[in-house]
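The values are calculated or read from the model by the stated rules, or taken from the named source; none is laboratory data. The shown structure was predicted, so the numbers you read here are calculated from the model rather than taken from an experiment. Reconstructed Cβ throughout: ideal geometry from the backbone, glycine too, with neighbour counts over all protein chains shown. All accessible areas refer to the heavy atoms of the entire protein, side chains included, with ligands and DNA or RNA removed. Shrake-Rupley method; radii C 1.70, N 1.55, O 1.52, S 1.80 Å.
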Amino acid sequence: MKFSYKILLWTIIIMAGAFGMSGYFFVDYVFETSMEREINQAMNDTNILQFAFETAALNIPSKYEVLQDRAIEQIGANLDAGNTGATRLIRISDESRTPLYASEGFVKETDFLEQIKEDSRIYQVIRQGEHYYVQTGTVINALDRIVYLETMKDVTEVYAERTKGFAMYRRVALLVLFLSSVVMYFISYWLTRPIRLLTQATKKMTAGDYGYRAERISNDEMGVLTEDFNQMANALEDNIHKLEEEVRSREEFIGAFSHELKTPLTAIIGYADLLRSHKMDEEKALLSANYIYTEGKRLETMSFRLLDLIVTKRGEIAFQNVDVEVLFKYLKNMYAVSTAPAMDFRFDYESGKVQTEQNLIMTVLSNLVDNACKASEQGSVIEILGRKEKKGYRFAVRDYGVGIPAEECRKITEAFYMVDKSRSRSHNGAGLGLALCAQILKLHDSELIIESTPGEGSCIGFVLPDREVTEHDAQ
């Protein structure tokens, strides 16, 4: 059952119960009030009849010392004759509770008569056929006679009014329930509209339309729920786009890796087959062997970098206090001495200590210097810088080479991504260096800072933040 129908159904049930109870108590209250009025009137009539009986008894000739039964019957007949509306019946009984006079239609039972006591007035409501009566009883002491006076006042009209009241209330209640049901249908439809909009949005998103959002049509709790749903949908859409981007990156990674493997393997297999199947002079043989060695080293470098990239994504590292002098001496020995004729390396750094894993940070610095060399012409200046900052120690490698376009700066840390593929391959590059650097720096709570202008050069650096080195890290 729809939620709007549930609201409508429960509203009808509650209203029907409320109308039924309130109607019953209202009509019953009116009935009880009317009955109380009729009973009071019946008791007053009894008092009047008692007074009239006593007065009539006093008018009896004095020759009778005791009120005779015939006189009592005559008084009763006179009292009954004075009832012009025929809505009151009387019965007069003697001391032994034997009826002496009774109006036509008066009940024959004497149980009520037996309950009448001296100096008291009692009443009861009885039903006789289709009529209802208030029966009263009292004791009259007249001329040394004790007689019992009973009256029956017809109150059928009060009961008829109660029946009519219930019937009228039922019709009114049904009409009100019908009208309120129509109104509540539209109210419930309006109240549940945000739910229908959320359901529609859910179906749209399930069908693949992740950009669809539910319309917010109120500022109440349902409006807040709609806003929260849309925020959840935004987060879900972002995660889906990230997953799609990650899948795309992996596919590109696999494609690029396969391509990068194919190029050196083709050269290795080709030259190896040439050496195996042809007799060549020493110079050509050495040239072929040199190609095989060069491409093999290229595969080795690429595999090591790929392995480092996978490892850094999985594990944690142990930090140590390392003197920056050790790091810059390492770079001097590797580049300034071995490749001095090719590039003009210039070192400018301040002394200090950093908290890092020495081998990993050397890998980062080596990759940055390698990239700077690949982006520069022979003999160009390569600056390797180090400065203390408030939050840590800043390393940077600056070159004056080809530079990187602004739209490419975001992508260069992706595995196998190369800005200039022809230049990178000519330098045995595979696009893994900066991706590896980014992963290592992430373990150090740092990141690459890239500043580049096409045609003027680049400055790529990072800041190692100050941190407390625990005994566990030092081990």
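Brief remarks follow.
- Taken over region 144-171, the criterion of being free of Cβ contacts under 8 Å to residues at least 12 places away in the same chain and more than 28 Å from residue 39 (Cβ to Cβ) is satisfied by 171 alone.
- For first residues located in region 357-370 and in contact (Cβ under 8 Å) with a residue 40 or more places away in the chain, partners that are open to solvent by less than 10 Å² (accessible area, probe 1.4 Å) and of a type in the set (Phe, Trp, Tyr) and lie 6+ apart or on another chain with Cβ distances below 9 Å form the pairs 361/395; 364/395; 364/462; 368/395; 368/462.
- Candidates 237, 227: the one that is open to solvent by 50 Å² or more (accessible area, probe 1.4 Å) and either farther than 30 Å from residue 46 by Cβ or assigned to a helix (DSSP H, G or I) (or both) is 227.
- Any hit, region 91-108, residues being part of a helix (DSSP H, G or I) and open to solvent by 50 Å² or more (accessible area, probe 1.4 Å): no
- Whichever residue in region 283-311 is more than 11 Å from residue 267 (Cβ to Cβ), at pLDDT 65 or above and aliphatic (A, V, I, L, M) and, among such residues, is surrounded by the fewest Cβ atoms within 10 Å (Cβ to Cβ): 286
- Within region 33-51, the set of residues being farther than 16 Å from residue 82 by Cβ, charged (D, E, K, R) and surrounded by 12 or more Cβ atoms within 10 Å (Cβ to Cβ) comprises 37, 38.
- Verdict on residue 381 being more than 17 Å from residue 401 (Cα to Cα), free of Cβ contacts under 8 Å to residues at least 60 places away in the same chain, open to solvent by 20 Å² or more (accessible area, probe 1.4 Å) and among the hydrophobic types (A, V, I, L, M, F, W, C): no
- Flag: residue 67 matches the condition of being surrounded by 12 or more Cβ atoms within 10 Å (Cβ to Cβ), at pLDDT below 85 and touching a strand residue (DSSP E or B) at 6+ places or on another chain (Cβ under 7 Å).
- Some residue of region 117-129 being open to solvent by less than 50 Å² (accessible area, probe 1.4 Å) and in contact (Cβ under 8 Å) with a residue 60 or more places away in the chain: no
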